[in-house]
Structure formats: structure tokens, C-alpha cells
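Visitor: One structure, pasted below without further comment.
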Amino acid sequence: MILWEDRKRLHDIVHFVRSSSCSDFYRKKYRVLSDSFTGSVESLPFLTRTDLARTPATERLYVSLPEVAQIGFTSGTTGATPLIAFFSEIERYYFDPSFGLDVTCVLTIHPQMHKFSLTFSKICREGTRPIAPLFVDPQAYANAAVLAGKVGADVLCATPTQAVALASYCDSYADRRAFRLLVVLSELLTEHKMTQLREMYPNARIANVYASAELGNVLLYPCTHLLDTYSTSFHLSTQALIAAELIDGELVLTYGLNRAFPMIRYKTGDYFEIDTHQCPCGADTPALRFAGRRGVDLIRTHGFEIRGASVDEFFLQQPYDVTDKQIHFFQSQTQKDTLDIRVEIVLPTRPDSPETVAQVIHSAFIETFTCTAGLTVKELMDKGVVSDVQVRIVDRVSMPGIKQKPLVQHLT
Ligand SMILES: [Zn+2]
């Protein structure tokens with residue numbers, strides 16, 4: 001489904017990449033297209049992360065190296081090899097990180113923004129209200145809180161997990177109420193997390209935004225209506241994007257502002273749903289809700305689907321406070337084509353009888369944990385899809401990080 005398409009800009013960018021003397025990456029890809037392409041984005045082949053990983057970065061560079069303003073790379077939560085991305089200077093980013101509020105300084109602890117500090121600084125400077133960016137070490141929360149207090153930072157740019165972690169340090173070194181805006185990204189922002197952040201930062205608006213390291217820009221963000229109603233949904237930046245599609249729920253983007261490597265029909269690996277077609281702001285594109293990242297917040301396998309948000313919902317129903325949790329999916333060692341599930345939970349204090357807690361969670365998980373199709377784990381066991389479920393009380397989940405990972409897929 002096409003959510004947005006600007007044909008004129010699409011044809012221009014296709015012409016640009018096909019006539020380039022710097023790289024023949026797209027020329028080879030588009031060999032079968034007619035010379036004068038005038039069709040829709042849907043008639044172009046997809047660009048995948050595998051395509052990018054297979055081609056050395058310098059062979060898909062559409063400007064000369066001195067024209068590259070920044071070289072980024074993704075650390076690869078979904079792949080082992082870092083993916084290199086070249087970025088040229090771009091005229092405008094369109095994302096306004098002040099959201100029109102009278103704010104002055106953004107404390108940036110988001111890990112990716114360090115690699116994109118040049119881009120992020122420009123974004124901060126070109127909004128309707130220029131704001132001063134302060135970049136701090138992604139894991140040095142005490143340091144971040146002290147610095148925020150000293151310079152009077154009133155905006156925080158972080159992952160939701162980082163924003164929660166920083167809040168406790170603010171009590172010792174700074175004032176949480178000084179933050180008037182939280183710009184959160186890179187993680188599934190559940191309703192539960194949104195409520196938690198509102199309690200922690202009572203004076204802050206919370207803007208859930210979507211940025212892509214491969215595209216190097218913030219491409220979905222809330223309108224005033226969504227911001228005012230503390231919605232976790234957002235709109236596409238139709239100014240920054242040439243086209244956007246939802247294909248089986250996956251967001252596919254066409255972005256031409258970065259001339260170093262235009263991304264044409266790029267499969268992001270991120271899943272979205274339509275929240276509403278008619279947002280009260282009058283936007284001509286629907287408001288979208290992030291459903292998760294493949295293999296991190298969303299697992300599709302064996303004909304069913306599990307979402308990170310269901311993990312939060314499940315644990316809120318349990319009689320124990322859980323400080324962290326992670327659900328791992330393995331190929332069963334004993335039965336071919338079936339899954340083993342391991343649920344890891346971290347409790348605030350060591351219980352008297354960890355076996356009892358594990359047993360209670362184990363039974364509840366099997367009986368009540370539901371996949372998107374409405375199937376319970378028990379039904380999946382009955383169908384022979386899942387063979388074994390284990391619950392372990394641990395001191396720390398086996399794959400911790402500053403980006404929360406509710407689901408971990410070990411399937412090949
Ligand atoms: Zn809107």
C-alpha cells in the first residue's frame with residue numbers, strides 16, 4: 001500500500017542514479033526498466049539491507065569522496081557486520097526537534113546520535129527555534145544529569161530505556177521537572193512506557209520519533225495533536241520523503257535528500273500499523289503506530305507473530321514486580337521444526353522461593369500469553385509449534401543493552 005508518493009521527485013531521483021558516472025549500483029538493478037521511467041514506485045525493485053551489505057560502500061557512492069560530509073555505520077542489531085553509510089550535505093532535514101516549544105538546550109544521550117552528531121547538530125540549528133545540542137556519553141547517567149543541571153537542558157533525546165534510567169540520577173544531580181520535552185526513539189514505545197515516562201518527567205511533552213541510521217534522518221514524528229494527547233503514533237515527513245509504502249506491515253521508504261546514496265524503495269525491517277487515516281491535524285498521510293523491529297520487538301515464525309508490547313502487557317498482569325525481562329526463541333534441539341522458548345526475568349529482590357515464582361510465571365505464560373493471532377502458548381504447544389517453555393529468574397537478562405530488547409530470536 002502506498003502511503004505517500006511524489007512522482008516528480010521519484011522520477012528525478014531515478015534519473016539521477018541511472019545517469020550517474022560515480023556508481024552503477026542502481027543502473028544494474030534497474031536494467032529491465034524502460035529508459036524513460038515514468039511509473040510508480042511500486043514498479044521498482046526493492047532495496048534490501050542484504051543488497052547494501054553485499055556491495056562495498058564505496059561502490060554505491062553517488063558523489064565523490066570529498067563531497068561526503070559524514071560517514072555513519074550501523075552496529076547491526078539485526079546483522080553481524082556493520083553497514084557503512086555515506087552522507088552528503090543536505091539542504092534541509094525538515095524535522096524540528098523543538099516541536100515549536102520555547103526550549104533552549106537538548107541533552108543528547110541517544111547512542112546513535114553520537115555517530116550522527118554533525119547531522120543532529122544541524123537539525124538542532126535549523127528548526128523554528130535553534131536549540132543547543134549537548135552530547136554526553138550514552139551510559140554515563142550521573143555525568144549526564146550533572147551536565148543537564150549545569151547548562152539548563154530542557155529537552156532530552158534518548159531511547160525510552162535511557163530516559164527511565166536517567167530519571168533516577170536526576171533526583172540526585174538535577175531536576176527532572178526542568179525537562180519540557182522528551183524526544184524518544186529507537187525502541188518500541190508502549191503505552192505502559194509512555195505512562196511511566198509521563199510520571200517521571202511531569203512537565204515534559206513526549207515526542208515519539210522514528211529515525212533510521214541507514215537513511216540518516218528523522219522521518220516520522222508527531223503533529224501537535226498527537227504530541228498534545230501523549231500519543232505514541234506519528235506521521236511521515238512528506239517533505240523529507242519521496243515515497244513511503246507499507247508492505248505486509250513493513251515500512252518501505254524512498255529518500256533522496258542524501259545524494260551520496262539515495263535510498264530507493266528501501267525495506268526498513270521495521271513494522272508499522274495505521275493508527276488513523278484522518279488525524280485531526282488534517283495531515284494527508286495517516287498517523288502510524290510503530291509495531292516493532294523484526295527480530296527485536298516482533299517475531300514472525302512458524303505462521304504466528306509475537307510482539308514486544310504483549311510482553312509488557314503480560315508482566316503487568318503478574319503478581320510479581322519485574323524489573324527486566326526477555327523472551328528467547330530457539331530452534332528446538334529435540335523436535336525438528338518446533339520452537340523452544342526461554343523466559344528470563346529479573347526481580348527487584350531475590351525471592352524466598354524462586355522456584356515458586358518461576359512456576360507461577362511458567363503456568364501463566366503458557367495459559368495466557370497471546371500471540372497476535374490470538375493464540376495462546378498452550379495452543380501453540382497443542383499444535384506442535386512450541387515444544388518447551390522454560391522460565392529462569394536471572395540477575396541480568398542475557399542480552400542487555402541501552403536499547404530494550406523484549407524478544408530475542410535465535411532462529412536461523
Ligand atoms: Zn496529526
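The values are calculated or read from the model by the stated rules, or taken from the named source; none is laboratory data. All of these numbers come straight from a predicted model, not from anything done at the bench. Positions of Cβ are generated from backbone atoms using ideal geometry, with glycine treated the same way; all protein chains shown enter the neighbour counts.
Visitor: Just to check your reading of the model, which residue among Val151, Val184, Val209 is within 16 Å of the ligand (Cβ to nearest atom) and of a type in the set (Val, Ile, Thr)?
Guide: Values: Val151 fails: within 16 Å of the ligand (Cβ to nearest atom); Val184 fails: within 16 Å of the ligand (Cβ to nearest atom).
Just one listed residue meets the conditions, Val209.
Visitor: Turning to a different aspect of this structure: Could you tell me how many of the residues in the stretch 128-180 are of a type outside the set (A, V, I, L, M, F, W, C) and part of a loop (DSSP other than H, G, I, E, B)? Quick ask: steps written out before the conclusion?
Guide: Within the stretch 128-180, the first condition is being of a type outside the set (A, V, I, L, M, F, W, C), and the residues that meet it are 128-130, 133, 137-139, 141, 143, 149-150, 152, 154, 159-162, 168-169, 171-173, 175-177, 180.
Subsequent filtering for residues that are part of a loop (DSSP other than H, G, I, E, B) retains 128-130, 137-139, 152, 154, 159, 175, 180.
The qualifying residues number 11.
Visitor: Just for the stretch 343-378: of the residues that are in a helix (DSSP H, G or I) and of a type in the set (Val, Ile, Thr), which one is surrounded by the most Cβ atoms within 10 Å (Cβ to Cβ)?
Guide: Ile361
Visitor: Which of the residues that make up the stretch 1-23 are touching a residue at least 24 places away in the same chain (Cβ under 8 Å), part of a helix (DSSP H, G or I) and within 30 Å of His277 (Cα to Cα)?
Guide: To start, the set of residues in the stretch 1-23 that are touching a residue at least 24 places away in the same chain (Cβ under 8 Å) comprises 1-7, 9-14, 16-17, 20, 22-23.
From what's left, part of a helix (DSSP H, G or I): 7, 9-14, 16-17.
Across the stretch 1-23, the qualifying residues are Arg7, Arg9, Leu10, His11, Asp12, Ile13, Val14.
Visitor: How many of the residues making up the stretch 104-120 are among the β-branched types (Val, Ile, Thr), buried (at least 21 other Cβ atoms within 10 Å of the Cβ) and not in a strand (DSSP E or B)? Lay out the reasoning, then the answer.
Guide: The initial filter retains those residues of the stretch 104-120 that are among the β-branched types (Val, Ile, Thr), namely 104, 106, 108-109, 119.
This time we only want the ones that are buried (at least 21 other Cβ atoms within 10 Å of the Cβ), so: 106, 108-109, 119.
Checking which are not in a strand (DSSP E or B) leaves us with 109, 119.
Counting residues in the stretch 104-120 that are among the β-branched types (Val, Ile, Thr), buried (at least 21 other Cβ atoms within 10 Å of the Cβ) and not in a strand (DSSP E or B) gives 2.
Visitor: For the list (1) modelled with pLDDT under 95; (2) in the same structural domain as Leu215 (by TED's automatic domain parsing); (3) aliphatic (A, V, I, L, M), I need the number of the one condition that Val103 fails.
Guide: Answer for Val103: the failing condition is (1).
Visitor: Next up: With respect to Ser40, is the statement that it is in contact with a strand residue (DSSP E or B) (Cβ under 7 Å, 6 or more places away or on another chain), outside the structural domain of Asp284 (by TED's automatic domain parsing) and over 20 Å from Leu215 (Cα atoms) true? Quick ask: steps written out before the conclusion?
Guide: Values: in contact with a strand residue (DSSP E or B) (Cβ under 7 Å, 6 or more places away or on another chain): yes; outside the structural domain of Asp284 (by TED's automatic domain parsing): yes; over 20 Å from Leu215 (Cα atoms): yes.
Yes: the conditions hold for Ser40.
Visitor: Could you grab the pairs with beta carbons closer than 7 Å, sequence gap of 6+ or different chains, first residue in the stretch 117-143 and touching a residue at least 24 places away in the same chain (Cβ under 8 Å) and within 16 Å of Glu91 (Cβ to Cβ), second one acidic (Asp, Glu) and outside any strand (DSSP E or B)?
Guide: Gly127/Asp96
Visitor: Could you pull out the residue among Leu215, Leu181 that is at pLDDT 95 or above and touching a strand residue (DSSP E or B) at 6+ places or on another chain (Cβ under 9 Å)? Quick ask: steps written out before the conclusion?
Guide: Numbers: Leu215 fails: at pLDDT 95 or above.
Selected residue: Leu181, the only one of Leu215, Leu181 that is at pLDDT 95 or above and touching a strand residue (DSSP E or B) at 6+ places or on another chain (Cβ under 9 Å).
Visitor: Consider only pairs whose beta carbons are under 9 Å apart and that are at least six residues apart or on different chains; among these, list those whose first residue lies in the stretch 202-224 and is touching a residue at least 60 places away in the same chain (Cβ under 8 Å) and surrounded by fewer than 23 Cβ atoms within 10 Å (Cβ to Cβ) and whose second residue is part of a strand (DSSP E or B) and among the charged types (D, E, K, R).
Guide: Tyr210/Asp270
Visitor: Restrict the check to the stretch 366-383 and report whether at least one residue is in contact with a helix residue (DSSP H, G or I) (Cβ under 8 Å, 6 or more places away or on another chain), within 28 Å of Pro138 (Cβ to Cβ) and either not polar (S, T, N, Q) or not assigned by TED's automatic domain parsing to the domain that holds Gln139 (or both).
Guide: Within the stretch 366-383, none of the residues are in contact with a helix residue (DSSP H, G or I) (Cβ under 8 Å, 6 or more places away or on another chain), within 28 Å of Pro138 (Cβ to Cβ) and either not polar (S, T, N, Q) or not assigned by TED's automatic domain parsing to the domain that holds Gln139 (or both).
Visitor: I would also like to ask the following. In the stretch 24-77, which residues are among the β-branched types (Val, Ile, Thr), assigned to a helix (DSSP H, G or I) and free of Cβ contacts under 8 Å to residues at least 24 places away in the same chain?
Guide: First, pick out the residues of the stretch 24-77 that are among the β-branched types (Val, Ile, Thr): 32, 38, 41, 48, 50, 55, 58, 63, 68, 71, 74, 77.
When the remaining residues are screened for being assigned to a helix (DSSP H, G or I), the result is 41, 50, 58.
Those that are among the β-branched types (Val, Ile, Thr), assigned to a helix (DSSP H, G or I) and free of Cβ contacts under 8 Å to residues at least 24 places away in the same chain: Thr50, Thr58.
Visitor: Out of (1) within 15 Å of the ligand (Cβ to nearest atom); (2) of a type outside the set (Gly, Ala, Ser); (3) part of a loop (DSSP other than H, G, I, E, B); (4) closer than 18 Å to Leu3 by Cβ, the odd one out for Tyr230 is which?
Guide: Result: Tyr230 passes all but (4).
Visitor: For the stretch 275-333, which positions are within 16 Å of the ligand (Cβ to nearest atom), surrounded by fewer than 17 Cβ atoms within 10 Å (Cβ to Cβ) and either at positive phi or basic (Lys, Arg) (or both)?
Guide: Gly282, the sole residue that qualifies.
Visitor: Oh, and also: Test Leu236 against the stated conditions and say whether it is assigned by TED's automatic domain parsing to the domain that holds Thr190, over 30 Å from Ser23 (Cα atoms), within 16 Å of the ligand (Cβ to nearest atom) and modelled with pLDDT of 95 or more. I'd like the intermediate steps shown before the answer.
Guide: On the way: assigned by TED's automatic domain parsing to the domain that holds Thr190: yes; over 30 Å from Ser23 (Cα atoms): no; within 16 Å of the ligand (Cβ to nearest atom): yes; modelled with pLDDT of 95 or more: yes.
Considered against the rule, which asks whether it is assigned by TED's automatic domain parsing to the domain that holds Thr190, over 30 Å from Ser23 (Cα atoms), within 16 Å of the ligand (Cβ to nearest atom) and modelled with pLDDT of 95 or more, Leu236 comes out as no.
Visitor: Does the stretch 185-199 include one or more residues that are touching a residue at least 40 places away in the same chain (Cβ under 8 Å) and surrounded by fewer than 19 Cβ atoms within 10 Å (Cβ to Cβ)? Let's see the steps before the verdict.
Guide: Quick first cut of the stretch 185-199, residues touching a residue at least 40 places away in the same chain (Cβ under 8 Å) only: 185-193.
After this cut, where a residue has to be surrounded by fewer than 19 Cβ atoms within 10 Å (Cβ to Cβ) as well, the list is 191-192.
Yes - at least one qualifying residue is present in the stretch 185-199.
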